[in-house]
Amino acid sequence: MRPKELLHKYWHWLGLTLFAMLIALAALIAPNRISLLELEREAFAAENQIREKLLEDPQLVTHALTVPGGATQLTELFNDAGFGQRLLRYELYDSKGDLVFTRGLANLRLNRPAIAASINPNRNGATIGLYAGDGTNGPSHFARLHVPINLGSDVHGSLEIYLDQSKQAGVLTSYFGVIALVILALVGAGITIPLALAWTRGRAQRRAREEVLYLQSHDSLTGLANRAKFTERVGQALERIQDDAMHMAVITVNIDRFKELNETLEHQGGDRVLHDIGTRIQHVARDRDIVARLGGDEFAIALTDVAALSDVMAFVHRLGSALTRPFHVNNREVVLTTSLGIALAPADGDTADVLVRHSAIALSRAKLDGGQRMCFYEESMDKAVQQRHTIEQDLRHALRRGEFDVVYQPQYDLKTETPCGSEALIRWHHPQHGIVAPGHFISVAEETGLIVPIGEWVLRQACSDATQWPEHLTVAVNLSPAQFHDGDIAETVADILHETGLAANRLELEITESLLINDTEEVLAKLNRLRELGVRIAMDDFGTGYSSLSYLARFPFSKIKIDQQFVRNMTRDPAMRAIVKTIIALGESLRVTITAEGVETQEQADMLRRLGCPQVQGFLYGRPEKATVHADKTMSDAVSMSQLPKRPSAA
Ligand code: C2E
Ligand code: MG
Ligand code: MG
């Protein structure tokens, strides 16, 4: 800041300080001046009294001047005037100025300069000189009074009287000392109090500013940097690594199925988990790494100065170990899985924004692949993300525009070769892309929550269509986990059954194993309520998810559907065949119907029959078809198939 600007900013402080200095100076100088004036006034008063005494007794004066030794009587005069104690010396001079008589202290240092003198004589011609003692002995202050002796109009001589003023000076010094101290204290307080107040206010403002800056750049829950701060710091780190020819990794971390966890733990519990995750990540990271919470359940770590890929892998390993340890929330033990997306610099991007975006893309790939994994960014992912984004946009309008349709794929009883029911499968008639299979949009619908209204629509449509079929045929409808977590699925199903008039025992709901991984108790309770309605529950795609036989023991499924991959490979792979055989045996002992999915060839059908599989579904028996075609077929199949056993319909 230039001096002019400084002056402009602090002029009031400068003014105040100068003013205070002036007052302080005055407080130091003025008492001295006032003391001298007071001593002079006192000396003149003494001179007046002595003169009056002299005038009262002119003979004594004449006697003193004319008779040798007569001046000794003057001592009594001074005593009478009340100055006996303070009289240090007096000298009597005749009219010619010759010393006639002297008495008192001889060693008063008269040659020392007066500290003040009233050179101007008063109306009687007297003059005053004020002296300070030399500090060794004698008085500290004394006055010299020059008193002319005029009896009538003639000057008869003069008296030089030395009067002790130590006591008066002492009183004045302590009196003014106290005043000076009080003034200095007031001036000091006048400066220091406003200064202290201004300093405290300035400090509070500084702290508030720092606080605001901190809040703007940090996440309040975890205390970690937020997205903006993270991007800024990654940008700075990128400049450094470019100079040092090093690498950098941006890792985005997301908690699998956090939404469900948050709902079960309630908001506070969810926050606790997020806070603890932040702490654990920070523990694992080094000081020079950058850790942030990007929002929701998404965290990010930028590993700066990475020398080799093994550094990144070592960190991922440490992070994995830290995050898989159980969290203790609301007296519960919570175990999490996470997904990671990794982008490397400079290969995957040379700006912070691009790196963060690419690591997020890699993360969504990891999530799409089922979570609980990590993905490194690849260029092709960018395109996939764009596609998903477009699907999401289109999906939002599809239901309202009536672009969905349900097709039905028959399920056959393998013993009788007659249809026993059909599975409802959704199709999307996209205005530009034509018919879109569920594999392309169900996961997007699940992520966005759109699966809830879509699934309800399918359920209503399927139940309504099934009322047109022969009564022994069931309809199977797929349910997504989200339909269990958002809203009351049992109530929805009951309403739809009531609305459409379909008998509950003709409806089969297909769920997958993934539904049972989290919140098993809550889900099992909902499944039980559905069973109480009389609806059947089938375990779909058995063997592909997180298969746990304990689910089968805890919930009485009506059906287990063997996943297509086992059926597809069982004819050439003995291990797959063994699995199919085991699942069929499991069904027998648990008294659960087994349906083999994806039966495409006669060879597969024959093998399944030999293994004792009760039901089949697949292209060999019928492709998914529209409700009208399906209704006609099932009607005729119901008759013709019973007449032509062991002959499946052509795929
Ligand atoms: P899923 O429930 O296991 O359905 C069977 C899938 O296998 C269907 O695919 C069907 O067309 C196909 N498929 C049947 N037989 C054969 C065969 O012999 N060979 C081959 N290669 N495939 C066969 P789709 O219709 O594409 O459905 C895929 C998945 O989408 C379904 O698997 C289901 O998980 C899901 N899905 C379909 N409709 C719905 C729905 O309305 N709601 C929900 N939540 N999911 C649905
Ligand atoms: Mg299914
Ligand atoms: Mg299936």
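The values are calculated or read from the model by the stated rules, or taken from the named source; none is laboratory data. Source: prediction; values computed, not measured. Every residue, glycine as well, gets a Cβ built from its backbone with ideal geometry; the counts of neighbours run over all protein chains shown. The protein model used for the area step is the full one, side chains on, heavy atoms only, and it has no ligands, DNA or RNA in it. Shrake-Rupley method; radii C 1.70, N 1.55, O 1.52, S 1.80 Å.
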Point to revise | Accessible area, probe 1.4 Å, largest first, for residues Tyr93, Tyr214 | key: Tyr214, Tyr93
Exercise for review: Provide the FRET efficiency to the nearest 0.05 for the Asp311-Glu232 pair, computing r from the beta carbons and using R0 = 35 Å.
Suggested key: 0.90
Exercise for review: From zero up to wherever the largest Cα-Cα distance of the stretch 370-514 sits, split into 10 Å bins and tell me the percent of pairs in each.
Suggested key: 10, 36, 32, 16, 5, 0
Check your understanding: So how compact is the stretch 476-631: Cα radius of gyration and Dmax in angstrom?
Key -> 16.2, 48
Exercise for review: Place +1 on the Cβ of every Lys and Arg and -1 on the Cβ of every Asp and Glu in the chain, take the dipole about the Cα centre, and give the residue among Leu527, Gln205, Gly69 whose Cα lies farthest towards its positive end.
Suggested key: Gly69
Point to revise | Percent of Cα-Cα distances greater than 49 Å, calculated over the chain | key: 51 percent
Check your understanding: Taking Cα atoms, how many degrees apart are the long axis of helix 489-500 and the longest axis of the chain, rounded to 10 and kept between 0 and 90?
Key -> 40 degrees
Study note, to complete from the structure: Computed ³J(HN,Hα) along the stretch 244-260: with the Karplus parameters 6.51/-1.76/1.60, θ = phi - 60°, integer Hz and x for glycine or proline, the list is 8, 6, 9, 10, 8, 10, 10, 10, 9, 10, 10, 8, 5, 6, 5, 4, 5
Point to revise | Longest to shortest principal axis, alpha-carbon extents of the stretch 9-172, angstrom | key: 81, 36, 27
Review point. In the chain, what percentage of the DSSP-assigned beta bridges are antiparallel, given to the nearest 5?
Key: 75 percent
Revision key, fill the gap. Filtering trypsin sites (Lys or Arg not before Pro) in the stretch 539-623 by DSSP loop and by at most 13 other Cβ atoms within 10 Å leaves Arg572, Arg591
Review point. Can you give the alpha-carbon Rg of the stretch 123-270 over 2.2 N^0.38 Å, where N counts its residues?
Key: 2.86
Point to revise | Interchain or long-range residues, amide H under 5 Å from Glu510's placed H | key: Val477, Asn478, Leu479, Ala538
Exercise for review: Please report the relative contact order for the stretch 227-377, taking Cα pairs under 8 Å with a sequence separation of at least 6, and give it as a percent rounded to a whole number.
Suggested key: 31 percent
Exercise for review: Quote the charge dipole size of the chain about the Cα centre in Debye, to the nearest 20; the model charges only the Cβ of Lys and Arg (+1) and of Asp and Glu (-1).
Suggested key: 840 debye
Practice item. Check each of the trypsin sites (Lys or Arg not before Pro) in the stretch 369-471 and keep only those in coil by DSSP with at most 13 other C-beta atoms within 10 angstrom; list them in order. Key: Arg400, Arg401, Lys415
Check your understanding: When the chain is fully extended, how far beyond the present Cα-Cα distance does Ala437 get from Lys167, taking 0.36 nm per residue of separation?
Key -> 85.6 nm
Study note, to complete from the structure: Note to self: Kirkwood Rh of the stretch 227-377, Cα pairs, one decimal, Å, is 15.5 Å
Point to revise | GluC sites (Glu not before Pro) restricted to the stretch 336-424 and DSSP loop, no more than 16 other C-beta within 10 Å | key: Glu378, Glu403
Revision key, fill the gap. Computed over the chain: longest principal axis from alpha-carbon atoms vs helix 352-368 long axis, angle to nearest 10 degrees, is 40 degrees
Review point. Kirkwood Rh, the stretch 375-426, all Cα pairs: how many Å?
Key: 14.7 Å
Check your understanding: What FRET efficiency do you get for Ser380 and His429 if R0 is 25 Å and r is their Cβ-Cβ distance, rounded to the nearest 0.05?
Key -> 0.35
Check your understanding: If r is the Cβ-Cβ distance from Asn122 to Thr200 and R0 is 60 Å, what FRET efficiency results, to the nearest 0.05?
Key -> 0.55
Check your understanding: So what is the 222 nm mean residue ellipticity for the chain from helices alone, if each DSSP H run of at least 4 adds -39500 (n - 2.57) and you divide by all residues, rounding to the nearest 500 deg cm²/dmol?
Key -> -17000 deg cm²/dmol
Study note, to complete from the structure: When all Cα-Cα pair distances of the stretch 449-491 are considered, the percent exceeding 16 Å is 40 percent
Check your understanding: Which distance in nm do the two modelled labels at Ile179 and Asp405 give, with both placed 7 Å along the Cα-to-Cβ direction?
Key -> 11.1 nm
Point to revise | Pair Asn48, Ala30: separation of 7 Å Cα→Cβ label points (nm) | key: 2.6 nm
Check your understanding: For Phe441, which sequence-distant residues (separation of 5 or more, or a different chain) have an amide H within less than 5 Å of its own amide H, given hydrogens modelled in the peptide plane?
Key -> none
Exercise for review: On a 0 to 90° scale, report how tilted helix 520-533 is relative to the longest principal axis of the chain, with both axes built from alpha carbons and the result rounded to the nearest 10.
Suggested key: 40 degrees
Exercise for review: Work out the length of the dipole vector of the stretch 9-172 about its Cα centre, built from +1 on the beta-carbon of each Lys and Arg and -1 on the beta-carbon of each Asp and Glu, and round it to the nearest 20 debye.
Suggested key: 740 debye
Check your understanding: What percent does the relative contact order of the chain come to when contacts are Cα pairs within less than 8 Å and at least six residues apart?
Key -> 8 percent
Practice item. Kindly state, as a whole number, the per residue volume in cubic angstrom of the convex hull around the alpha carbon atoms of the stretch 269-338. Key: 77 Å³
Check your understanding: Near the amide H of Glu600, under 5 Å away, which other amide H atoms are found, from residues 5 or more places off or on another chain, if H is placed in the peptide plane?
Key -> Leu620
Study note, to complete from the structure: Rh (Kirkwood, all Cα-Cα pairs) for the stretch 15-71, Å, reads 15.0 Å
